[in-house]
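Here the structure is laid out as structure tokens; the discussion comes afterwards.
The values are calculated or read from the model by the stated rules, or taken from the named source; none is laboratory data. Keep in mind the model is a prediction, meaning the values are calculated, not measured. For neighbour counting, all protein chains shown are included, and Cβ atoms are generated from backbone atoms with ideal geometry for every residue, glycine included.
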Amino acid sequence: MSDCANYFYSITGETTEMFDISPTSHASKIEASVLLQIGSEDLRVPPTQGFELYHKLKLLGKKVDIAVYPDNHPLGKVPVAGNVMISTALFFHHCLEGKEA
């Protein structure tokens, strides 16, 4: 159960304005490498939204990587936060070296 409303779909199942401005709806326009860091226990942004973006970017042949952590939205648990920093540094290192993410 989230502490936020489901902004992507209305009660009738139609997409909403929030979906129309979401990264997933603009995935084809993304040109930079992407690192998605997702908390599997996130109540603010359902992890499925990140998975959806990841799969869409992969299908489009975009450079994307994903890390899923046993944490909530801020990814603030000590072991998780450390891994987030290391993963982010490595991701940028690979980007700057021109390697795959």
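Per-structure values
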quantity: Checklist (1) polar (S, T, N, Q); (2) surrounded by fewer than 17 Cβ atoms within 10 Å (Cβ to Cβ); (3) modelled with pLDDT under 95 applied to Ser28, failing item; calculated: (3)
quantity: Selection within region 53-101 - charged (D, E, K, R), out of contact with any His (no Cβ under 8 Å at 6 or more places or on another chain) and within 19 Å of Ala32 (Cβ to Cβ); calculated: Lys56, Lys58, Lys62, Lys63, Asp65, Glu97, Lys99
quantity: Pick from region 48-71, criterion crowded, with 16+ Cβ neighbours inside 10 Å and either assigned to a helix (DSSP H, G or I) or of a type in the set (S, T, N, Q) (or both), ranking: modelled with the lowest pLDDT; calculated: Gln49
